[in-house]
1. Return the distance in nm (one decimal) between the two label points of a simple spin-label model at Ala418 and Ser169, each offset 7 Å from Cα along Cα→Cβ.
2. Dipole magnitude of the chain about its Cα centre, charges +1 at Lys/Arg Cβ and -1 at Asp/Glu Cβ only, in debye to the nearest 20?
3. Please compute the length gained on full extension between Leu208 and Ser352, using 0.36 nm multiplied by the number of residues separating them and subtracting their Cα-Cα distance.
4. Where does the chain land at 222 nm, in deg cm²/dmol rounded to the nearest 500, when only DSSP H runs of n ≥ 4 count, each adding -39500 (n - 2.57), divided by all residues?
5. Under a Cβ-Cβ cut-off of 14 Å, what is the net charge of the residues other than Asp400 that fall near it, where Lys and Arg count +1 and Asp and Glu count -1?
6. State, as an integer percentage, the relative contact order of the chain based on alpha-carbon contacts under 8 Å between residues 6 or more apart.
7. Evaluate the relative contact order of the range 198-344 (contact order divided by residue number), counting alpha-carbon pairs under 8 angstrom at least 6 apart; express in whole percent.
8. Using the scaling law 2.2 N^0.38 Å as the reference, what is the normalised Cα Rg of the range 352-432?
Amino acid sequence: MRKLFGFLPVFGLVMGLSQVANAAEVTRVASSFDQDFNGNAFDLHFGVSYDFDFKKAAILREWGAGGKNNLARDLVYRQFRHTVTPTIEIGLWHDLSVYVSLPVVVSDNRNYEFDQEEGGDCVFPQNPSTTNYNPGSATCVNKTNSTSIRDGIVPRDGFDAFEDTSPYSQFTDPETDMIFRSPTRRGLDQLHVGMKIGLLSQARKSHLPNWLLGLEGRFAIGKPMTFSRSIQTDDPAGNHRVGRGIHELGVWTALSRRYRWLEPFFGAHWRQSLRAGSTQFDNWGSTQGDVNPQSETGAYFGAEIIPWENKTQNKKFSIVLTGSAVLHYNGRAYSEVWELLSDSPALVGDYSPGNGQGCNPADSLAHAAANPLDPEANGGYVAAGGQDCAAFNGITTIDDYSTFGLNAGLNFHMSKVARLNFGVDMSTDTRHFVTTASRGDGAVSGDPDLVEPDSADVNPVRRDVVDNIGRRYAVDDVFNVNAYFNFIVTF
């Protein structure tokens with residue numbers, strides 16, 4: 001089993017901004033009609049943040065051998081995302097405010113390579129003249145032993161969304177490492193709206209801590225992203241969106257207290273995810289099981305260390321260190337493998353099992369194999385499987401998992417009204433399966449302990465090629481790095 005990168009850095013829980021909250025930010029709240037305290041009849045905070053996110057993860061696949069299931073290496077996933085987020089907060093009364101932020105994804109690129117992390121020590125199945133090579137002892141992956149290639153989930157010569165005239169013929173070299181490149185995405189996902197209320201304030205009563213309570217809604221405003229491999233004659237708009245088609249409703253709290261040059265802080269949050277009106281999280285009936293996206297709850301803790309401060313000029317320099325933990329639970333998601341699975345001939349299926357003429361995925365795979373440069377030719381792979389066949393949208397049921405992280409940042413209060421902070425978050429996820437749809441519900445046709453194949457008992461979003469034990473995908477060795485820059489003006 002590969003080791004996790006440890007409890008690496010994390011995640012932004014800023015509750016209204018996208019980065020990990022700095023101590024000065026955790027309990028900051030706009031306060032209006034409060035002239036006796038802050039000299040302001042009206043308090044307004046405006047900020048702009050920039051985030052660069054890099055994510056790398058090992059894509060593993062279950063593999064049956066020797067009478068037991070093992071997790072075998074398969075692919076390496078990489079994602080590069082740039083986001084700009086304007087935020088405004090308006091004071092309504094004493095320590096009571098509302099805020100709005102709008103993350104704008106400037107670009108989002110993803111790709112998949114064969115897992116060849118051993119570098120020069122790689123042993124491949126057909127390896128050369130490695131004298132100690134034995135069948136089954138390969139340490140790296142190529143076209144010969146990739147389970148995604150074996151099952152037809154990924155075409156043997158890959159797919160490159162950057163080459164719309166010939167996407168299926170860009171990775172023909174037997175020694176290629178890259179095998180799948182996704183299209184560039186950009187745009188809007190959610191609008192974040194929330195309310196803060198300051199329950200306690202150290203500035204008002206020095207013996208008390210700062211304590212905020214907040215409510216937040218994250219509402220889907222961008223159309224949901226989809227993925228289609230049919231790009232040779234068209235450029236599907238869904239291939240370039242970033243929306244997930246989900247709403248999130250939650251509550252959060254944050255506390256801090258200054259002790260001379262040290263200000264420790266703590267925060268926690270919970271968010272429930274719901275399907276939006278326009279979404280790819282379809283509900284196909286009672287046998288489906290999970291329908292809604294995964295929800296999450298988490299906490300962070302840390303301290304702001306203040307080596308220099310000039311209170312008369314409202315200037316301060318501080319170092320911020322934060323640790324966090326988040327639990328993602330109970331639902332479905334756009335996982336790290338969703339674009340590999342979406343519109344794959346291997347995952348064609350029937351969303352109304354037992355209620356029609358049926359669907360034969362083997363015929364769809366055969367059609368794709370006979371038309372390797374364009375599976376949509378001659379009627380298309382979906383129609384080849386039968387009249388009840390439909391393409392898979394890539395969204396899967398995912399195991400619960402945790403994210404652990406650390407943040408290191410610098411805070412600058414440049415004047416009474418201007419603040420600047422920047423830093424780096426790093427995080428890792430626990431190993432988890434990302435294709436875990438249940439078999440269905442046997443009670444529909446009688447025996448609750450037996451799901452009859454090709455019947456109304458069957459879970460309509462289950463695909464045996466990836467959901468059967470022994471075929472499931474898992475994600476491990478996740479490494480996230482988020483570099484951020486944030487500028488805030490308070491009036």
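1. Between Ala418 and Ser169, the label points sit 5.7 nm apart.
2. Dipole magnitude for the chain comes out near 2140 debye.
3. Working it through step by step, the gained length comes to 45.9 nm.
4. That comes out to -1500 deg cm²/dmol.
5. The answer is -2.
6. The value is 18 percent.
7. In percent, rounded to a whole number, it is 19.
8. Details: Rg = 25.3 Å, N = 81, 2.2 N^0.38 = 11.7 Å.
Ratio of Rg to 2.2 N^0.38 Å for the range 352-432: 2.17.
Every number here is computed from the coordinates shown, using simple stated rules; none is lab data. Just so it is clear, the model here is predicted, and its values are computed rather than measured. Please note: Cβ atoms are built from the backbone with ideal geometry, for glycine as well, and neighbour counts cover all protein chains shown.
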